[in-house]
Each structure stands twice: as structure tokens, then as C-alpha cells.
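Just so it is clear, none of the values below were taken in a lab; they were calculated from the coordinates. Predicted model only: the values in this text are computed from it and were never measured. Neighbour counts run over all protein chains shown; Cβ positions are idealised from the backbone, glycine included.
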Amino acid sequence: MPTSRDSKAQRACGVDWSEVERSSGSSLLASAGHARAETELYSPIPDGYRRGRHKYVAVLGTVMSGLGKGIFASSVAKLLKDKGLVVAPIKMEGYLNVDAGTLNPFRHGEVFVLDDGTECDMDLGTYERVLDQNLTRRNFVTAGQIYREILERERHGGYLGRDVQMIPHVTGEVKRKIRELAMYGDGSAPADVVFIEVGGTVGDYENGFYIEALRELAFEEGEDSVCFVALTYIIEPEAIGEQKSKAAQLGIKRVMEAGIQPHIIACRATRRCGPTVLEKIAMFSNVPLRRVFSMHDRPSVYSIPESMRQEGLDREILSVLGLHERIDLAHEDRARERWMSYIRKIEAPKNKTVTIGLTGKYASVRDAYASIVKTVEHCATHLECTAKLEWIESTELVDQNIPERLAACDAVIVPGGFGSRGVEGKISAVRHCRTTGLPFLGICLGFQCAVIEFARHVVGLKEANSTEFDPNCPQAVISELPEQKKVEQLGGTMRLGGQDVAIQPGTLAHYLYGKDLIRHRFRHRYEVDPLFIERLEAGGMIFSGRHPQHPIMQILELPAPGEAPEGIGHPFFFAAQFHPELLGRPLRPEPCFMGLLAAALQRKHPGAGQVRWARSPDAAKVD
Ligand code: GLN
């Protein structure tokens, strides 16, 4: 018999939740294998799943993609997390790649790497930054992953003679992943609310099965369990000079055609949406006006949660999901105060500006460096200055034009990258920074460029290079070391994800991080060849961060000017084999970026007094 929790719709259709549960097994294979042949209700429910315990917010795009679904979903998730609820976001991609590792950042934006080594969409970076929460592979799903699992299961006889179909098997897998995440939650407690973001827009061929799965999920979970938010776009053609809602209406209709009645409509727009437009949208989409929101552009994405709160978006979502009883107001006040102190810093007038050069390869596609941009922004906010990024195309850099190209920069970041294109330009930029005292931060490939440059011009290994760029290089200071990979038992050939970094006391790294052991995320295949470490150190380079057990160099730096042999000392020369930008969070600015910006500030405004974070003259003695 249906329980009292079952929705009217389910009862009307004669759906019995216990039937859904009975027809599903528990373990991954068993659930598929034991699905009873005579029922269409294949919907694998993870062992121990409790319906009603977890709620869901599904954010669907209409009209067009690129409207900031991730920013929207993470901002709402933050508001709910601030109220003491456990939230877990999941990004569902329609593409067939199994992960984002093979995607070109030039086309898709940066590949974000999670602590567990998952290579994923850059939106996961937005969730981690806004929620200040580490995510795992459970928070990222692609169509390729789902098909691969289903096909493997089919080959292992997991479907007991059934034809394997988009519905119920593919949609069943989507629901399973969502429910498994709900049970896993944030890793320490099950989720009160799972935020589901489907890539692309409703109506796209490739994400249709996700939308259907969500419709089924809402049906099975019952009323008050799934809140659908349609994110739409209000156009304002210049020639007409007013906001038009038709495209948004048509987009929302597509959602309704898929069998989904949105509960909340969020209208993206350049300017605040006028009342007429909001009323029209409400009327045509059967959504009360109080649940139709203007999501117009804001000066900072971090001010979005507070704007949403003021307009009551969080309250409406709690009402749709019946969650008011679970919230903790004191927790919300504390969290909000911390966040607002950061917002106040963003909004405060700044009288200092620094220019940070970024010698990228894809300088025309800025999303390829999204986390670096964000991390610089957080640090500038904390240091109460404005940081202007100067995009420098590394393929155009040569020794001769560098002084002029970097003339406006107060500091330079040489970021990560793959392949030889632009590498010599990056090495030249490192040389310029090293020899002129310009603050420098090298990231991953930028770290390797710093080693190559130092080996060539200080140690005298004139042919120093990486085997990535010159496989037959006679002085391969950077090379692929397969035996180390075996020791660490890493999948594939890439060293991916979080690793410990032991920091040498008394160094700049120790001054910045203030700890003996830190953890950071890696994504690389090549590293410093241990054969050259002694010679590099004899030349004055300090490897201040290493793997705790293996001879893998993870941070390098040059000593402060007063402490080094002639020509080696430098106010801020620091590079990491890991990607510090992946851990840049608004309320916890990344220390080596703080160091870089503080050094840039000191250079630009020497009279402005000691900037906290900048290395003190006797930093070598600090531990
Ligand atoms: N191409 C280099 C390597 O694989 C650096 C990688 C990176 O910058 N992410 O080691």
C-alpha cells in the first residue's frame, strides 16, 4: 500500500513506493540483475536509502547555456549550507567523454582537479569556492561515465536477458548516482539537500535522459522532495530598448513539455527584470509571482547569495521542500557575518592597484585560467587592493621583447600547460623575473620552466630542457620518471589529485604556509629529475617543498636578497609543481598567491609600509 508520504500523483497512477523498492536490489550488480523482468519499475535504490530524508534542487537551463547555472546553484546551496544544512552538488554533463581530462581548455575552459584526482568541469571549482567544501568524483557525472558503466554491466550479464534501454536503465543509473550522493552527502554527514545541475539547456538532445531521470526522481520521491528551478534569460534588444519575455516563455515551455512543472523561475538579465516581464513569466509558467526572481548581473558573483537572500529565494526553496524545521538560525547568522565581512572588503574603495602578468598560451580564452583569476581576486580583496591581470601571449615572447612586454607588470605568473608551444617564451619570462627582481609565481609547467631556466643560465647546463619538449634532450632536468609513478600506484600516466608536501622550516614556503606539511592538488606527468637536484641546489635554488617519502620536488624558491650569493637573491621567486589556484577560496586566500601579491604591492608602493604576507627581511629565521 502506498504510504502517507506518497504523492497524490503517485497514488493516482497506482505507483507503490514499496514496489519500487522491492523491484530494486541493493548492490550495484545485484540491483540490476534482480530487477524483476515483469516490472517496468527498474529504479535501483542504494542500500539503506531513506526516502524523505534527502531533498533535491534541480537547476535546469533554458533559452541558452552560459548563464551561470553553476554560480546560481552554488549560491543557493551556500545559503542553505549557511543555515546548517548539509548540501552536496552534482554536475551532470551530456558529453560522452568519461571525464574532462581530455578536453581542451581552449574550447571548454579549465580542467578542474579534485582532491581524489577527478578531472572535471570548471563549475566544480565554483562549487568548491562558494561552498568552501571539497568535492569528489561523486559530484561529477558525464554521459560517457554512465554509458560505460551500463555497457560493462551488460557484458557481465547484469541485466538478465532484458533489452537495455534508455528508460528505465539509463535513467535508473542517473537516479542511482543522485541518491548515492545524497547518502554520501559532504563526506561527513548525509545530504539534507542535493543540488543537481544539468549541463546545457532543456531541449538539447544529449541531456534529454537526465531531464527524464529528474522527472522520474520527482515522481518517485513524492511531493515536497524535488524543487525544480528553471534558469531562463530575458533579452533586451538594443533596437527595441525594453525587456522581452517571449524567448524565456518558450524555454520554460520546453521544461513543461518534458513533464516538469518548475517551482521557481530565475530570470537572468543584464538589468533588473521589470514587473511586467516577471508577471508574464509567472502567468505563462504557472508559477506564483513570489517565486519568479530577477537574477540580473551583479558587480561580484560573491554578492549573489546575499541578494538572493534579501529577495527571499532561499525561503521559497525551503517552503517548496518543507525544510523550515531543519534550519539553524544561529549558524546562519555566524556564517553570514563571515561572508559579509568579505563582501564589505570587495565593496570597499581601493586606492592601490597592482598589475599581474599572466603568460598564458590561451590568453584569448580566459576561462582556461578561471581558478587563477579567482584566486588573484580573493587575495587582492584581502590585501585591500585591486589586481589587474595583464594577459600575455607566451608564444609571442622572446628575450628581446620581454622588457617591453612585461614593463607594466608588478608581478608575473607563469601558469601550467602542456606541449612545447609557448614554452621558450615562458622560460624567457622567468629569466626576466629572476634577473630583474620582478616577483614571480610559477605553477606546474611554470615550476618546470623555472628549473630549466635556472639550469641553463645559472648552473651552466646550456642544453637543459624537459623530455616533454625534447625527448632526446641531453640534460633533461625535467623528465618522466615511470618508476616513481609505480611506487605511488597512480592510474594512467598522469600524477593527479591531492598529495602531501613537506615544507622545509626557515624557507619562504614555510613563512607563507606556516606549517610543516600541507596538501595540494597535482596534475602533471613530468618532474625534476633527482639526478640534477644537487647541482641546482649548489647554484642557489631551494627546494622548500618535497614529497614526504619520495624525491619529488614540489616547491622551489630563491633566497631573499640579503641571504644569497651575488645575483641569486630575489624578493619573491616561488614556484609549485602543484596547482595552488585549485585551493583558492574566498575566505581562505591561497598563501603563495598572497605572497606574490604582497610582493607586487611592496614593489609598486614601497612607501606604503610593511604589507603583511610579504617576506620580512629575516624570513629565513622564521619557522
Ligand atoms: N606538461 C607538464 C607535465 O605534464 C606540466 C603540466 C601542467 O602544467 N599541468 O608535467
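Couple of notes before you dig in:
- Positive minus negative residues near Cys273 (Lys, Arg vs Asp, Glu; Cβ under 15 Å): +4
- For the cross-link pairs Lys345/Lys388; Lys81/Lys515; Lys78/Lys253, the ones whose C-alpha atoms lie over 20 Å apart are Lys81/Lys515; Lys78/Lys253.
- Contour minus Cα-Cα distance for Ser188 and Arg162 (0.36 nm per residue): 5.6 nm
- The chain - mean residue ellipticity at 222 nm from DSSP helices (-39,500 (n - 2.57) per run, n ≥ 4, rounded to 500): -10000 deg cm²/dmol
- Put simply, when 93-103, 244-254 are sorted by average Cβ atoms within 10 angstrom per residue, most first, you get 244-254, 93-103.
- Relative contact order %, region 401-526, counting alpha carbon pairs below 8 Å whose residues are six or more apart: 18 percent
- Relative contact order %, the chain, counting alpha carbon pairs below 8 Å whose residues are six or more apart: 13 percent
- Rounded to the nearest 20 debye, dipole of the chain from Cβ charges on Lys, Arg, Asp, Glu: 1140 debye
- When peptides 77-84, 596-603, 216-223, 465-472 are ranked by their average number of other Cβ atoms within 10 Å per residue, the highest-first order is 596-603, 77-84, 216-223, 465-472.
- Region 238-363 - percent relative contact order, Cα under 8 Å, separation 6 or more: 19 percent
- Neighbourhood net charge (12 Å Cβ-Cβ; Lys/Arg +1, Asp/Glu -1) for Gly68: 0
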